[in-house]
Structure formats: C-alpha cells, structure tokens
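This report concerns only the one structure given below.
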Amino acid sequence: MRLASILLAMSAIVALGSPASAQTAQEEVKATFIYRFVSYIGWPPASFPDAGLPVQLCVIGADPLARTLERATMAQRVGARHFEVRRIGDADDIDACHVLYVVGDRTAAALRAARRRAILSITSGGSERGVIHFTIVDARVRFYIDDALAEEGGLTIDPRLLNLALSVRRRSAS
Amino acid sequence: MPASAFAEESVLTAPGRSSDSELEDLSLEQLGDVQVTSVSGSAQSVGEAPAAIFVITADDIERAGNRSIPAALRQAPNLQVARLDSANYAITARGFNHSSGTANKLLVMVDGRIVYTPLYSGVFWDEQNAIMEDLDRIEVVSGPGGVLWGSNAVNGVINIVSREAHETQGLLVSGGASETSRALGARYGGRFGDNGAYRVYGLGLRRSVDEPTEWRNYQLGFRSDWGGARDAFTLQGDLYHGDQDQLVGALRNTEISGGNILGRWTRRFSSGAELSVQAYADRSERRVSSGISAEVDAAAVDTQYQFSLGERHNLIIGAGARTTEDAFTPGPGTVFLNPAARRLDTLSAYIQDTVAITDDVDLIAGVKLEENDYTGLEYMPSLRLAWRPDAGSLVWAAVSRAVRTPSRFDTELQNTGVLNGGPTFGSEDLLAYELGYRAQANERLWFSLSTYFNVYDDLRTLEATSLGVFPLEVRNGMSGETYGVEAWGSYAIADWWRLNAGLNWQDKDLQIDPGSADVFGVDFAGNDPNLQLSLRSLMDIGDRIQLDLSGRYVSELPSPQVDAYVAVDARIGLRITDHFELSIAGYNLLDGDGRSEFINPSLPPIEIERSLFISARWRS
C-alpha cells in the first residue's frame, strides 16, 4: 500500500525533529502574565491589611491553568508577599481574592460579584470581559484593559501596563 | 468600598526573581511576542488562518435563542441554511444545496468526530443536538479545507466545539417552548481527583413545523477532561433516540437512534510541540415505517503532531484511519443498495508547513493524501499566502484542490430498470482560487471580505445508458465554475450596542460535458440563492437586559423555484438574577401566512410560520 510508506516517512520526520521551538502553550504564557500583572496593579490599603499576606490568585473554570499558575508562582515573590493560588467553584467565594481569572459558565456571575471590589478580574476569549481580557492575535497572547472598570473597584494600573494593551477603556478624567 | 487612592504600601515592585522557567525572564513586552500553540491544536489556530472563517461564539449561540444547532448556523454569513421540515435542514457553503436536501460538499465535525454519513456524504441534522450552553463555538470555514480535514471538505467545514468540562460546572437546567416546539435539558458538572472535571446531561426535544410532521428526540451524554499542562485527556459520549412523523404521500414515521464515544490525548512538549491522538466510535440507525432502514457504524483513529523546525517553520503532520460499516434495507419496490451492506476504509496522511518568509508574510503549503475503496489514492494540495501589512489586518490568497470521494448512494444505489448505480462514478474535483482581506480597522470596526473562483470538474450527473433513457447511471458528466463574494463585519456603535452585517453573493456557470447523456441538466447540481444579506443589532442594556433584532434576505431559488424572502427575528433576554435567565424570541415576524425556504420535490412543501419561543435557564 502506497500510504504505508508515506506514513513511515512521516514518522521518520517526527523522530528527527527535536526542534528548539519558538512555541509555547497558551496557558503558560497566560499564567505568566497573570502573576506578573500583580506588580503593575495598585490595591487600596484595605486589600492587604497585613504586610505578610499572600497575594490571592483565584481561578474559576480553568483548572489546568490554575495548576500551571501554581507551578509558576511557587518561587515568586512580589515585595515581601508570596502568591497563593486558589481554585474556586463559586462566584460567592471571591471575597479574599486579589486577582480573579475566570472562564466558562461562571464568568458573568463572577464578574458581577467582582464588580466595585478591589479585585483584578481577568477573562479570556468570550464576550464577557474583566478588567483585563486576553485574546489571541496572530498566535500571540495579547490583552485589552478596562481601566474604567478597574477604577470602579478602586484599583490603579501602572501606565507601563496600559501601554502594552491592545486598547484601553479609559477611566473618567479626574 | 475603599477609595481609589493608591496605597502607600504598594505592591508595585520589580518582577520576582527568575527561576528555571524561561518565560519568567521575559519582559511583559517580550511575553506578548511569544508565539503560542492553541489549546485545541488546529481547531483554534484556524481562527487565525488565512481562510474565510466565521466563528459563531457561545454568545451568538445563546442569542440565536432557539436551542438548535442548524438554526444557530444561520448566523454564519458564509453558509446557506434552509429549513426543510421540523427536523431537517439543507445546509451548504458556496452553493450546491441539493434539491433533496442532501448537500454533500461540506465536512461537518462535532469535537473532531466526522458526522456526515458515508451513505450520501451529507449530514442528518436531526441527529446533531446538544445542550446549547455547553457549546464553546462553531467554526465555519467556507472554501476547501482538504489538507487538514480531508475529502468532503470541498466547499466548507463546520466544526462544532463543545466546552471543556472544567468550564461547565454545577447544575444547569434550561428549556423553552413555542406553540410548536418544546425543549428541556439539564446538565450537572463536577470534579474528580486533583485536576479532573466532568459533566453529564440529558435533553429532550419536540418540534413540529407544520402538522402533522412532528419530531421528538431524547439524548444523554457526558464529557470529562483531566490532566494538566503536559498531558490532557478528554473522554466524551452521547446516546440518542428520536422519531419523526413525515408526510410523504402517507404519513410515515422515521425512527433514529445512535451513540458515540470519543477519547483524546494531547501532550504538550516543553519544546512547544504538541501531539494529539484521538479515537472514536459512532453508531447511527434510521428506520422508516415503510420498511427502509440504514445502520452505519464508524470508527476512526487520528493522530496529529505540531512542531516548529528552526525559526521559520511550523509544521503539522498527521495520519488517520477511518472505517465505516453500513447495512441498508430497502423498502418494498424501491431503491436498494447493491451490495446491501459494505465496509469502507479510508487511510489518510497530511503535512502542512507554515513558513515565515518574512515577519509579515507566511507561506502555508500542505498536502493531504487519502486512500479510499472507490477511487484509490487522492491528493489534496493547498498553497496559501498570508500577509499582515499592519498589526490589525491580514491579506490572504489561496489555491487549493479538493475532492468529494464517491459515497454509497453515488455508486451503488439501484432501482431495477430505473437506476443502475454509478459503476464508473469517480471523485468530484475542485480547484479553488481564493482571495481575502480582513481587518480590525479600529476598536469598533471589524470586517472580513473573501472572494472565490471555483473550477469544478467531474460533477455528478444522472445519465442515460445505451439501452435507452432507462436505466439511468450516475456519472461525472458536469463541470463549470462558481464565483462569489462573502463579506461580514461587526461595528460597535457603543459599548452596549453592536451591529453585525453579512453579505453572500454567488453565481454558477455549469455545463454538461460534451458526450454526456445527462437527462437532468445543471439544476441537478444544486438549488442556490444568488444573494443573502443579513443584519443583526445586539444590545446589552445594563448588566441584565439583551435586546436583539435581526433580519435576513434570501433571494429566490431557481429550480425548484422558491420565492425570495425576508425574515425578521427579535429577542429579549432578561437576567432576572445571577442564577436565572429568561428570554423571549419571535421568529419570522413578517410571515403570518407562512413561506417555504426550500423545496424537496419528493416531499410536500413545508410552510414556515411566525413563532414565539420562550425559554428559561437556571444555573447554580
């Protein structure tokens, strides 16, 4: 059978190719972004009553990403704080979160719960958008920022981060 | 609520120290430049592909409102969707919607499982149902997709993608009713182990367009996903049973039942390469009360490996095997298949290389080889060029060859003295030239424009044999060109108000080949409108109210003739609480008297009338 030899040739290509690739899984890049954003966000003092409190990274609907995030943040610190990754099932549970990454069914409910709170909400794809919204452009992870929504929750965003966004919905001029 | 004053004790500090991972060492700018593979391999990367692709998002599906996959497909401007009766639709891309409702040049997949039937290469749309809330998106590609997907992806590909189980947790109950239809579904999603999630669902549907045709369907299914960033696993399956009353001279009842199970393993290597292996089995049965029945068992294994080679090459290679076994029982004195039962094997292999010629220009070259039991080895090459003149826009051009390989009905359908099958029938052949442009013009405006010129050869004809007009034989006696323009765009008038518009214009220039003894003429190839226009207005009023209005125009169908029509639909969605939503949709608001969208000469015309559909959803 002619195809058998084609298949054989192709498996040979697989065996030969151990490429130094420029490609990475989407989740790893998003996870890296998520904890790196923290350095560019200002929370109101009430969010961190204690200097040693960890930064709570909450994840809803994206268990594989949460795992990646756990691994990536294990040895990381922001100032004196370390990170704590929490997978949560329910939007009612977000009180202690500083960052909330949400995808899937719970997105709308979680975004509403996070609104007007000092929680950096992050979404991906889909039509519902948090303060930061990931999208894929040209096989790269990029993001939009809704600075007005951040303002509602009392968050400030470093202009250096705003500059990297695809677009920014501005906060009210003041 | 705390004031927005920046905390003195800010957490704004330098990024954390680096460890073993390379990503951590990158600046945010550099991070945004890292090329990523998509979560679902080729499925998602297709969204960036230089092709005429329209993605029906979960939001679009919800806003379609009427809980049916074919109806949701109406939102893709690059499809032609016509309702035949309570459960059946004629759906195609770029023309050739066959008068029997059996368009055969489209590849349709549900989560990577091929759902067109080997009997006639068309799709039984009454078998394709789901809890609509559990669908992630429907990707609609118009134009050939033969390289990655293979034969039958001649005029287009529809890829129905359900959500991962992680994304569908908790209890959801949704249902709706109109004067002529009912739908009720429930799903529960939970977790297991460290990283696993599952959902199970049940679904009941009842629809009728025009008494006494009525269709009832019940379905159960599950999906489970587990694993981590390195190895991800999916196992999913569905079981369904349905029956349908149909008026064909006398009232007939069609019973359908079937099920499928699919497993997939995806490994992501630290190099960025990705290997996926998937296998599935699928069974479907149809029984008509007149005695006709068909059973089809299908099983397939597919593997795909995606990797980079050097700085400039990104390759996808894959191989697959698919086998189908069918049995067809004829009714008394009607057509029969000879042989009545048959096993068909398909083996395929493909390779596609995306070459970054410069930073802005990619060349994508690929070929698929497929071996089938009718025509032996088929090759489907494709060459695409993508140019990004600036960050927001893409110009693309493509030349591709695609084939529709023979089906059982093409070659072995017989009726003593009338039809002799197609002993010499070979593949239908397409050479497609495409040119497209799409752009995010600014924050508010997004649009896509694609044009095509398709050269077909060896299209199916029914021909007289030397013995006189009858018996007829199926042959490849037609050829010709089709050409068209597909355009769509979205404009955000405000944050809360979006307008979507679509245009689909096409024309056919087909002829019967010299020497052919064709008896049906070029109309046999398909019955298509020249022009389709659509406009949708989508409003989100506050957090809790959606207000949608949509209209579409479909020009007349030539043969059998169906009048041009304008259909107007409206929908109000209300989020009563975070857990409970209600929507009211009116369809065909202008059609008090009813109208047809398509005519199947062997069935009485079905009138589609104004209807009101109320649906409710509760989720935990």
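The values are calculated or read from the model by the stated rules, or taken from the named source; none is laboratory data. Here the structure is a predicted model, which means the values were calculated and not measured. Reconstructed Cβ throughout: ideal geometry from the backbone, glycine too, with neighbour counts over all protein chains shown.
Observations
- Within region B:377-389, the residues that satisfy the criterion of being within 11 Å of chain A (Cβ to nearest Cβ) and farther than 28 Å from residue B:118 by Cα are B:386, B:388.
- The lone exception for residue A:110 - which of (1) closer than 30 Å to residue B:356 by Cα; (2) over 12 Å from the mean Cα position of the chain (by Cα); (3) more than 9 Å from every other protein chain (Cβ to nearest Cβ); (4) among the small types (Gly, Ala, Ser) it fails: (1)
- Hey, residue B:191 within 23 Å of the chain's Cα centre (by Cα) and among the basic types (Lys, Arg) or not: no
- Test: residue A:78 is over 25 Å from residue B:617 (Cα atoms), free of Cβ contacts under 8 Å to residues at least 40 places away in the same chain, touching a Ser or Thr at 6+ places or on another chain (Cβ under 7 Å) and surrounded by 18 or more Cβ atoms within 10 Å (Cβ to Cβ): no
- Residues in region B:489-503 that are at pLDDT 95 or above and either at positive phi or of a type in the set (Phe, Trp, Tyr) (or both): there are none.
- Residue A:86 vs. criteria at the interface with another protein chain (Cβ under 9 Å from one of its Cβ atoms) and basic (Lys, Arg): no
- Flag set for residue B:233, criterion: surrounded by fewer than 19 Cβ atoms within 10 Å (Cβ to Cβ), closer than 24 Å to residue B:281 by Cβ and within 14 Å of chain A (Cβ to nearest Cβ).
- The listed residue being assigned to a strand (DSSP E or B), surrounded by fewer than 20 Cβ atoms within 10 Å (Cβ to Cβ) and among the acidic types (Asp, Glu), out of B:362, B:353: B:353
- Among the strands (runs of 3 or more DSSP E) confined to region A:116-172, the ones with at least 3 residues that are closer than 25 Å to residue B:541 by Cα and more than 10 Å from chain B (Cβ to nearest Cβ) are located at A:120-124, A:132-137.
Each row is one residue, and each column tells you yes or no for (1) within 10 Å of chain A (Cβ to nearest Cβ); (2) without any contact (Cβ under 8 Å) to a residue 60 or more places away in the chain; (3) loosely packed, with under 14 Cβ neighbours inside 10 Å; (4) under 24 Å from the mean Cα position of the chain (by Cα).
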{"position": "B:323", "(1), (2), (3), (4)": "no, yes, no, yes"}
{"position": "B:332", "(1), (2), (3), (4)": "no, yes, yes, no"}
{"position": "B:358", "(1), (2), (3), (4)": "no, yes, yes, no"}
{"position": "B:370", "(1), (2), (3), (4)": "yes, no, no, yes"}
{"position": "B:375", "(1), (2), (3), (4)": "no, yes, no, no"}
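- Condition met for residue B:295 (buried (at least 17 other Cβ atoms within 10 Å of the Cβ) and either of a type in the set (Ser, Thr, Tyr) or in contact with a helix residue (DSSP H, G or I) (Cβ under 7 Å, 6 or more places away or on another chain) (or both)): no
- Positions within region A:30-47 being at the interface with another protein chain (Cβ under 7 Å from one of its Cβ atoms) and farther than 14 Å from residue A:120 by Cα, in sequence order: A:32, A:45, A:46
- Any hit, region A:91-101, residues being within 12 Å of another protein chain (Cβ to nearest Cβ) and assigned to a helix (DSSP H, G or I): yes
- Members of region B:513-527 that are in contact with a strand residue (DSSP E or B) (Cβ under 7 Å, 6 or more places away or on another chain), part of a helix (DSSP H, G or I) and surrounded by fewer than 19 Cβ atoms within 10 Å (Cβ to Cβ): B:522
- Residue in region B:281-289 that is more than 22 Å from residue B:136 (Cα to Cα), within 14 Å of another protein chain (Cβ to nearest Cβ) and among the basic types (Lys, Arg) present: no
- When B:405, B:424, B:416, B:465 are checked against the criterion of being among the hydroxyl-bearing types (Ser, Thr, Tyr), at pLDDT 90 or above and more than 23 Å from residue B:95 (Cβ to Cβ), a single residue qualifies: B:424.
- Test for residue B:422: is it assigned to a loop (DSSP other than H, G, I, E, B) and surrounded by 21 or more Cβ atoms within 10 Å (Cβ to Cβ): yes
- Residue B:389 falls short on exactly one of the conditions (1) crowded, with 22+ Cβ neighbours inside 10 Å; (2) closer than 27 Å to residue B:356 by Cβ, and that condition is (1).
- Residue count for region B:187-228, restricted to those that are among the hydrophobic types (A, V, I, L, M, F, W, C), under 17 Å from residue B:618 (Cα atoms) and either in contact (Cβ under 8 Å) with a residue 60 or more places away in the chain or within 14 Å of chain A (Cβ to nearest Cβ) (or both): 1
- Selection of first residues in region B:420-449 that are closer than 14 Å to residue B:405 by Cα and of second residues that are among the basic types (Lys, Arg) and in a strand (DSSP E or B), restricted to Cβ pairs under 7 Å at least 6 apart or on distinct chains, gives the following pairs, ordered by first then second residue: B:422/B:475; B:424/B:475; B:425/B:475; B:427/B:404; B:428/B:404; B:428/B:460; B:430/B:401.
- Of the residues making up region B:450-480, those that are surrounded by fewer than 20 Cβ atoms within 10 Å (Cβ to Cβ), among the hydrophobic types (A, V, I, L, M, F, W, C) and in contact (Cβ under 8 Å) with a residue 24 or more places away in the chain number 6.
- Sole residue being surrounded by fewer than 18 Cβ atoms within 10 Å (Cβ to Cβ) and either part of a loop (DSSP other than H, G, I, E, B) or at positive phi (or both), chosen from B:574, B:589, B:612: B:589
- Residue within region A:141-156 that is closer than 30 Å to residue B:386 by Cβ, of a type outside the set (Val, Ile, Thr) and in contact with a helix residue (DSSP H, G or I) (Cβ under 8 Å, 6 or more places away or on another chain) present: yes
- Checking each residue in region A:82-96 for being over 22 Å from residue A:29 (Cα atoms) and charged (D, E, K, R) picks out A:90, A:92, A:93, A:95.
- Of note, residue A:105 satisfies the criterion of being charged (D, E, K, R) and either facing chain B (nearest Cβ under 9 Å) or out of contact with any Lys or Arg (no Cβ under 9 Å at 6 or more places or on another chain) (or both).
- Residue pairs meeting the criteria (Cβ under 9 Å; at least 6 apart or on separate chains; first free of Cβ contacts under 8 Å to residues at least 12 places away in the same chain, in region B:334-355; second aromatic (Phe, Trp, Tyr)): none
- Sole exception among (1) on the phi > 0 side of the Ramachandran plot; (2) of a type in the set (Asp, Glu); (3) at pLDDT 90 or above for residue A:152, by number: (1)
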